[in-house]
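Asker: This is the structure I have questions about; it appears just below.
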Amino acid sequence: MIDLRQHVRWLLALLAVAIVSSVTLAAPPQIPSLPWQQRSDWINVKTDVEPRAVGDGQADDTAAIQQAFSGVRDGSVLYFPPGTYRLTQPISVRNPSGARWIGGLVIGHGRDSKFVWDGAAGGRMFVLDGVAYSRFIGLDLDGRGKAAVGFHYEAVAGFQTEVTHRHLAFRSFTDAAVLEKHPASGQALAETTFENCLFEDCERGVAFLQFNDYDYTFDGCEFRRCGVGLDNVHGNFYVRNCHFEASRVVDIRDWSEHCSSIRRTTSRGSQAFVQRISTVASLTIQDCHVAGWKNPEGAILLSRPPVLLFDCVFADPPQDAQKNGLPPVRVHSDGQRLLVSNNQVGSTSGLTQGPKPLLLEIPAGQRQGVVKGSGQSFLRETVTVPKRVFDARRDFGAKGDGQTDDTAAIQKAIDAAAAASGDAIAYLPSGNYVIQQTLKITGQRFYVGGSGWGTKLLWRGPADGVMVEIRDPRHVTLEELMIGSHDAGPMNNDIDIQQFGSAQASHITYDGVYAFGMYQKEPFRKGVRFMNLTQHDVVVMPHIQGNLRFTNCGRATVLANCSYEGSVVVDGKDRARDGLLGFQTRLATVVTHGLYLRDSHSIVMSDFYVEQADNGYQFEGSADDPPGRATITGAKFHSFESPDPAKNTLIDVRNYRGELFIGPYQFYQDPKKMRMKQQGSNPVELLLLASSWYGAKPDAQLGPSAKIAYIGNEFYGTAPDGEPATDRSAFLELPSEATLAKLRAALDDLRRLGEADLRLNHP
């Protein structure tokens, strides 16, 4: 006889297990735990400062942590072992001398290095001033609903730039998790990245409010239950591979000064996805999935500037919108330039509501978007860090004193890490290392790294030498190194790093590598040079700085996530060109040209910012070149007015054969006439797409072999003749079928870049 009571209890137990399992599976992702091995030059807050931090969640660690930061110098590393650090007063992060803190590195164990606020309501956890070329990695900050701000950037000591935030969590801050604002300072924080960061239950996630808060990159981040995810007033941003969940006001509030972009991003259950307020710059929205927004006016609320919107999916609109068939995109300006392709809007009656836009439909391409749905998260819960440390100074006798030849000691450290073949690192503590012979890197599954700005390699060998040579790297990473530099003293080497092509599968990562090219006008000398890369070579650059040159690399896969300063040179007569040369965030200032694309090669660049440069882009070719294609979307082009005829050229075509797609872009203020010139007989077609002309006009000086089209462009500001540039009908061409097919190919370039990004960075 069956005991029904026992049977029911058994079923209930099974159900309970199932429920627990489903809850476990549905738990939202967290930042990773980082199992670092402490390194010789890391300043341990629990052992190397007085008073010592405790990290038990009970003791007040404020004084110890403040002492640790008060004693740091440029290029130093501050290390927070696992623990819970209780703070009751703000921690001041600035150079004790009053100058900028350059090249600092702050390291924790991710979710295991926690900071909790136990001070007054409305307090700030960390106040940062004059921080530049620095990195914050692996910290978990909890404001407990009392602290107003987690990181407050106040630029008084000097302009703040190139700060990386990686594997950070910010929870329960009543104003903003990260705030950039000082009421009296004209300085700012620019070229800033947030990578794999979590923002949870904050009034605002990141609020950057100061003029010159430019080039903010958000990659792989997650925003849950914030009021506003990103709040941008005077800057510009690039959001990619991010997820927003249940934002009470809006995911992204945007007043962009220069062009911004949102790519491969998801939103679920928020009031709205994007709200654009009074901007003078174009916007790109690519491959975004938005579901369950609450605002009946729309998920995307637009102001006047041009917008490129493609591969986006909108699902589950609010009841009022669903009942009345209201579309997901609200247009507030009559004649809004809106270029669209391959969007899905479900049951709504079209894509837009409000005033009638000037809408151009680009046919769907051969490629599609890669985002799977609105709930897709990109936050990585596990990452690999080096398991074993081979210290060049401690283990092999390197001095790092700027005088002693350290070549042999460093080479021994590299060889030892390679021989370990299992996520080991050849580590160079802070110091100036003299190199007299080329360092050789080859092997598999190891790292070569230092402390970032504080680890410098100085060439003292034969003239025109190569400092580092790389062959057959099989999952090798170079990280946190300055290999040649603008401030490293006189060096007569020709190349900082030279990598050669492989006959077998290879993969190399450059992360936090500083090479020559910062604020230099020598694009063909020093920096990182890639020679004859093959179809077997994969190069990923999460963060690299300096000149980059690619010679005969048309079959390789190259993806630069963040590339700062210097010039990019692409050349070579190889005719096999089925690889990918792709850049995402790219900045070039104080250069002769930001890009030299020679021999009619191809390239795709998604967010290219050029400022204070002599010129923009130079495209070269010869009669026997196969046709190439350059697809470049950008944030800004600016060049100081000059009577020098060698300057102030936006696009310089020198017999290039192929197609050049430029835009969405902003052409900003100077020069007043943006010169586009062409020489040579090779056919070239130039298409300027969905761009904003702010106080500037195009000056096309093209020959008979060139064609140019302006599609969906917009004027702002004052024209060169002093009259307001208000003719909104100018530069709005209706493309032919042939031109539409070419536009489709350009969008496919951006789709291919997105595919590579997810495959290589978010597998």
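The values are calculated or read from the model by the stated rules, or taken from the named source; none is laboratory data. Keep in mind that this is a model prediction, so the values were computed, not measured. Quick reminder, even Gly has a Cβ in these numbers, built from the backbone with ideal geometry, and neighbours come from all protein chains shown.
Asker: What are the residues in region 660-670 that are surrounded by fewer than 24 Cβ atoms within 10 Å (Cβ to Cβ) and either hydroxyl-bearing (Ser, Thr, Tyr) or farther than 21 Å from Gln584 by Cβ (or both), if any?
Answerer: Of the residues in region 660-670, the ones surrounded by fewer than 24 Cβ atoms within 10 Å (Cβ to Cβ) are 661, 669-670.
The answer is Gln669, Asp670.
The rows are residues; the columns are (1) at positive phi; (2) in contact with a Ser or Thr (Cβ under 7 Å, 6 or more places away or on another chain); (3) crowded, with 21+ Cβ neighbours inside 10 Å; (4) without any contact (Cβ under 8 Å) to a residue 60 or more places away in the chain.
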position	(1), (2), (3), (4)
Gly397	yes, no, no, yes
Thr407	no, no, no, yes
Ala419	no, no, no, yes
Ser430	no, yes, yes, no
Tyr433	no, no, yes, yes
Gln437	no, yes, no, yes
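Asker: Picking from Ile262, Ile285, Ile277, Ile300, which residue would you name as being under 25 Å from Tyr214 (Cβ atoms) and surrounded by fewer than 22 Cβ atoms within 10 Å (Cβ to Cβ)?
Answerer: Numbers: Ile262 fails: surrounded by fewer than 22 Cβ atoms within 10 Å (Cβ to Cβ); Ile285 fails: surrounded by fewer than 22 Cβ atoms within 10 Å (Cβ to Cβ); Ile300 fails: surrounded by fewer than 22 Cβ atoms within 10 Å (Cβ to Cβ).
Sole residue among the options that is under 25 Å from Tyr214 (Cβ atoms) and surrounded by fewer than 22 Cβ atoms within 10 Å (Cβ to Cβ): Ile277.
Asker: Filter region 667-717 for residues that are under 20 Å from Leu283 (Cα atoms) and assigned to a loop (DSSP other than H, G, I, E, B); which is farthest from the chain's Cα centre (by Cα)?
Answerer: Gly717
Asker: Could you list, in sequence order, the residues of region 505-545 that are of a type in the set (Lys, Arg) and outside any loop (DSSP other than H, G, I, E, B)?
Answerer: Taking region 505-545 first, the residues of a type in the set (Lys, Arg) are 521, 525-526, 529.
Arg529, the sole residue that qualifies.
Asker: For Val93, are the conditions met, namely being touching a Ser or Thr at 6+ places or on another chain (Cβ under 6 Å), of a type in the set (A, V, I, L, M, F, W, C) and surrounded by 21 or more Cβ atoms within 10 Å (Cβ to Cβ)?
Answerer: Working: touching a Ser or Thr at 6+ places or on another chain (Cβ under 6 Å): no; of a type in the set (A, V, I, L, M, F, W, C): yes; surrounded by 21 or more Cβ atoms within 10 Å (Cβ to Cβ): yes.
No, not satisfied.
Asker: Restricted to region 35-80, and to residues that are hydrophobic (A, V, I, L, M, F, W, C) and free of Cβ contacts under 8 Å to residues at least 24 places away in the same chain, which residue is surrounded by the fewest Cβ atoms within 10 Å (Cβ to Cβ)?
Answerer: Taking region 35-80 as the starting set, the residues that turn out to be hydrophobic (A, V, I, L, M, F, W, C) are 36, 42-43, 45, 49, 53-54, 59, 63-65, 68-69, 72, 77-78, 80.
Subset that is free of Cβ contacts under 8 Å to residues at least 24 places away in the same chain: 49, 63-64.
Values: Val49: 20, Ala63: 15, Ala64: 19.
Selected residue: Ala63.
Asker: I would also like to ask the following. Have a look at Thr633, Thr649 and point out the one that is in contact with a helix residue (DSSP H, G or I) (Cβ under 9 Å, 6 or more places away or on another chain), at pLDDT 95 or above and closer than 29 Å to Pro305 by Cβ.
Answerer: Checking each option against the conditions leaves just Thr633.
Asker: Something else: For region 247-302, enumerate the residues that are small (Gly, Ala, Ser) and touching a residue at least 60 places away in the same chain (Cβ under 8 Å).
Answerer: Within region 247-302, Ser260, Ser261, Ser267, Ala281, Ser282, Ala291, Gly292 qualify.
Asker: Further, regarding this structure: Among the numbered criteria (1) over 30 Å from Glu195 (Cβ atoms); (2) modelled with pLDDT of 90 or more; (3) crowded, with 18+ Cβ neighbours inside 10 Å, which single criterion is violated by Leu689?
Answerer: (1)
Asker: Sticking with this structure for a sec: Surrounded by 19 or more Cβ atoms within 10 Å (Cβ to Cβ), of a type in the set (A, V, I, L, M, F, W, C), closer than 20 Å to Asn196 by Cα and in contact (Cβ under 8 Å) with a residue 24 or more places away in the chain: does that describe Leu141? Write out each step before concluding.
Answerer: Details: surrounded by 19 or more Cβ atoms within 10 Å (Cβ to Cβ): yes; of a type in the set (A, V, I, L, M, F, W, C): yes; closer than 20 Å to Asn196 by Cα: yes; in contact (Cβ under 8 Å) with a residue 24 or more places away in the chain: yes.
Answer is yes for this residue.
Residue-wise test of (1) closer than 19 Å to Gln584 by Cα; (2) touching a residue at least 40 places away in the same chain (Cβ under 8 Å).
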site: Ser502; (1), (2): no, no
site: Ile508; (1), (2): yes, no
site: Gln520; (1), (2): no, yes
site: Thr557; (1), (2): yes, yes
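Asker: Quick one: in region 146-170, of everything that is free of Cβ contacts under 8 Å to residues at least 40 places away in the same chain and not in a strand (DSSP E or B), which residue is nearest to Gly98 (Cα to Cα)?
Answerer: That would be Val156.
Asker: Looking at region 154-163, can you tell me whether even one residue there is β-branched (Val, Ile, Thr) and in contact with a Cys (Cβ under 9 Å, 6 or more places away or on another chain)? Outline the logic, then answer.
Answerer: Filtering region 154-163 for residues β-branched (Val, Ile, Thr) gives 156, 161, 163.
Those still in the list that are in contact with a Cys (Cβ under 9 Å, 6 or more places away or on another chain) too: none.
No, there is no match, as no residue in region 154-163 is β-branched (Val, Ile, Thr) and in contact with a Cys (Cβ under 9 Å, 6 or more places away or on another chain).
Asker: Starting from residues that are touching a residue at least 40 places away in the same chain (Cβ under 8 Å) and touching a Phe, Trp or Tyr at 6+ places or on another chain (Cβ under 7 Å), keep the ones in region 566-580 and report whichever is surrounded by the fewest Cβ atoms within 10 Å (Cβ to Cβ).
Answerer: This residue is Val569.
Asker: Among the numbered criteria (1) within 16 Å of Ser349 (Cα to Cα); (2) in contact with a Pro (Cβ under 7 Å, 6 or more places away or on another chain); (3) of a type in the set (S, T, N, Q), which one does Gln319 miss?
Answerer: (2)
Asker: Condition first: surrounded by fewer than 22 Cβ atoms within 10 Å (Cβ to Cβ), in contact with a Ser or Thr (Cβ under 7 Å, 6 or more places away or on another chain) and within 30 Å of Asp757 (Cα to Cα). Can you find one or more residues in region 447-469 that meet it?
Answerer: So far as region 447-469 goes, yes, one or more of its residues are surrounded by fewer than 22 Cβ atoms within 10 Å (Cβ to Cβ), in contact with a Ser or Thr (Cβ under 7 Å, 6 or more places away or on another chain) and within 30 Å of Asp757 (Cα to Cα).
Asker: Something else now. Which numbered condition trips up Phe194, out of (1) in contact with a His (Cβ under 6 Å, 6 or more places away or on another chain); (2) assigned to a loop (DSSP other than H, G, I, E, B)?
Answerer: Failing condition for Phe194: (2).
Asker: Taking Thr279 as meeting all but one of (1) part of a loop (DSSP other than H, G, I, E, B); (2) among the β-branched types (Val, Ile, Thr); (3) closer than 14 Å to Thr585 by Cα, write down the number of the exception.
Answerer: (3)
Asker: May I pose another question? Just one of the numbered conditions (1) modelled with pLDDT under 90; (2) of a type outside the set (Phe, Trp, Tyr); (3) closer than 24 Å to Thr164 by Cα is not true of Leu4; which one?
Answerer: (3)
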